[in-house]
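**Student:** Sharing a structure below in structure tokens format, with a few things to ask.
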Amino acid sequence: MRVDAIDLLQFHWWDYDNKYYFDAMAHLMDQQQHDRILNLGLTNFDTEHMMGLISQDVPIVSNQVSYSILDTRPAQLMASACREKNVKLLCYGSLLGGFLSSAWKGKSEPSLSSLTNVSLRKYLPWINYWGGWGLFQELLSVLDVISIKHEASISNVALRWVIDQPAVGGAIVGARLGYRQHIEENKKVFAIRLDEEYMEMIQKVQKKSNNLMNVFGDCGGEYRASRRIFLPFT
């Protein structure tokens, strides 16, 4: 990697029943003591097991998890624990692979087989778990109204919502190099302010939905449940 030290190493563990993740983290902490790693973070850890590591004096600074207007699981348990322990959330899936955009507003629900983008194939079932395509269209319409008032895009508003949530350090936005790039458009996110009226408009739709905590469990649970059920694109 041609660097003296890794700025942030994010650690993922598939099976919590295998307690060797404590040994693995001890090794990473040793590397940190030798200045090979500057900061230690997690990826897709749930609240219980993140706190378990912190209770053993592991200096966790971040946890990378799914967080979006549709997937609000971090707000249930994770965010308050992160605020207590000064851990920042790095959020992915904030645009549902591209579904949270004007490209899908007013469109009929696609079939899974018609989607060529792996991320879209991942998140289409999530939309159905959450409340279905009809409710998703209602959400897009609300985001569109807000975006027009800000001379921005639906994606901008969706990202702003995530960034404004407690304990969030940043939202990770994917790009398909050579295919689509939205660097200039994404900068508009920082000019948007979601006031109480806009938040209430979004919450009104969210209240009609099924909390994905009931489907997947806490953060990262989708990677520990049945892949056959939750990750059909694989």
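Since every read-out is calculated from the coordinates, none of them should be taken as a lab result. If you're wondering where the values come from, they're calculated on a predicted model, not measured in any experiment. Reconstructed Cβ throughout: ideal geometry from the backbone, glycine too, with neighbour counts over all protein chains shown.
**Student:** What FRET efficiency do you get for R83 and L8 if R0 is 25 Å and r is their Cβ-Cβ distance, rounded to the nearest 0.05?
**Tutor:** Efficiency computed from Cβ-Cβ geometry: 0.80.
**Student:** Considering the zone a paramagnetic label at A191 would reach in this model (a point 7 Å from Cα along the Cα-to-Cβ line), which residues of segment 72-111 have amide N under 13 Å from it?
**Tutor:** Backbone N within reach: none found.
**Student:** A further question on this structure: At a Förster radius of 45 Å, what calculated FRET efficiency corresponds to the Cβ-Cβ distance of K149 and S55, to the nearest 0.05? Kindly include the intermediate steps, with their values, before the conclusion.
**Tutor:** Numbers: r = 45 Å, r/R0 = 1.01.
About 0.50, to the nearest 0.05.
**Student:** Which value, in Å³ per residue, describes the convex hull spanned by the Cα atoms of segment 6-224?
**Tutor:** On the way: hull volume 30.0 nm³, N = 219.
So the per-residue Cα hull volume is 137 Å³.
**Student:** Let me ask something else about it. Between S114 and H34, what is the label-to-label distance in nm when each label sits 7 Å out along the Cα-to-Cβ direction?
**Tutor:** Calculated label separation equals 5.5 nm.
**Student:** With springs connecting C-alpha atoms under 10 Å apart, model the chain as a Gaussian network and identify which of D57, D164, D17 has the largest mean-square fluctuation.
**Tutor:** Highest fluctuation of the listed residues: D17.
**Student:** Angle, helix 21-33 long axis vs. longest principal axis of the chain, Cα atoms, 0 to 90°, nearest 10?
**Tutor:** Taking the Cα atoms of the chain, the angle to 21-33 is about 80 degrees.
**Student:** For segment 3-152, calculate the relative contact order in percent as a whole number, restricting contacts to Cα pairs under 8 Å that are 6 or more residues apart. Present the calculation step by step, with values, prior to reporting the outcome.
**Tutor:** Values: 152 pairs, mean separation 25.3, N = 150.
It comes to 17 percent, rounded to a whole number.
**Student:** Same structure, new question: Within segment 107-186, which chymotrypsin sites (Phe, Trp or Tyr not before Pro) sit in a loop by DSSP and count at most 11 neighbouring Cβ atoms inside 10 Å? It would help to have the intermediate numbers written out before the result.
**Tutor:** Working: sites: Y123, W126, Y129, W130, W133, F136, W161, Y179; in loops: Y179.
Of the chymotrypsin sites (Phe, Trp or Tyr not before Pro), the ones in loops of segment 107-186 whose Cβ has at most 11 other Cβ atoms within 10 Å are Y179.
**Student:** Once you list every other residue whose beta carbon is under 12 Å from the beta carbon of C219, what net charge do they have if Lys and Arg are +1 and Asp and Glu are -1?
**Tutor:** So the environment of C219 carries a net charge of -3.
**Student:** Loop only by DSSP, 14 or fewer other Cβ within 10 Å of the Cβ. Give me the chymotrypsin sites (Phe, Trp or Tyr not before Pro) in segment 15-77 that pass, ordered by residue number.
**Tutor:** Details: sites: Y16, Y20, Y21, F22, F45, Y67; in loops: Y16, Y20, F45, Y67.
Here the sparse-neighbourhood loop sites are Y16, Y20.
**Student:** What angle, in degrees between 0 and 90 and rounded to the nearest 10, separates the Cα long axis of helix 154-163 from the longest principal axis of the Cα atoms of the chain?
**Tutor:** 30
**Student:** Determine the sum of side-chain charges near A79: Lys and Arg each +1, Asp and Glu each -1, restricted to other residues whose C-beta is under 14 angstrom from that of A79. Working shown, then result.
**Tutor:** Values: positive: R73, R83, K85, K88; negative: D46, D71, E84, D164, D218.
Charge balance in the 14 Å sphere: -1.
**Student:** If you take every residue apart from K149 with its C-beta less than 15 Å away from the C-beta of K149, what net charge results, scoring Lys and Arg +1 and Asp and Glu -1?
**Tutor:** Value of the local net charge: -3.
**Student:** In nm, to one decimal, how far is the E48 label point from the A24 one, both placed 7 Å along Cα→Cβ?
**Tutor:** Between E48 and A24, the label points sit 1.9 nm apart.
**Student:** Report the dimensions of segment 21-66 along its three principal axes from the alpha-carbon atoms, largest first, rounded to Å.
**Tutor:** Computed over segment 21-66, the largest-to-smallest principal extents equal 30, 20, 14 Å.
**Student:** Taking a cut-off of 24 Å between Cα atoms, list the lysines near K122, but don't count ones fewer than 8 places away on the same chain.
**Tutor:** Within the straight-line cut-off, K122 pairs with K105, K107, K207, K208.
**Student:** Mind checking the angle between helix 133-149 and the chain's longest principal axis? C-alpha axes, 0 to 90 degrees, to the nearest 10.
**Tutor:** It works out to around 90 degrees.
**Student:** Evaluate the charge dipole of segment 6-224 about its Cα centre and quote only its size in Debye, nearest 20, assuming +1 on the Cβ of each Lys and Arg and -1 on the Cβ of each Asp and Glu.
**Tutor:** Dipole of segment 6-224, to the nearest 20 debye: 640 debye.
**Student:** Now, a different point. Considering amide H positions built from the backbone, and no H for Pro or chain starts, which residues 5 or more places from S66, or on another chain, come under 5 Å of its amide H?
**Tutor:** Placed amide hydrogens put Y92, G220 under 5 Å from S66.
**Student:** Indicate, rounded to the nearest 5 percent, the antiparallel portion of the DSSP beta bridges found entirely in segment 6-224. All intermediate terms of the calculation are to be shown ahead of the outcome.
**Tutor:** Numbers: 1 of 18 bridges.
About 5 percent, rounded to the nearest 5.
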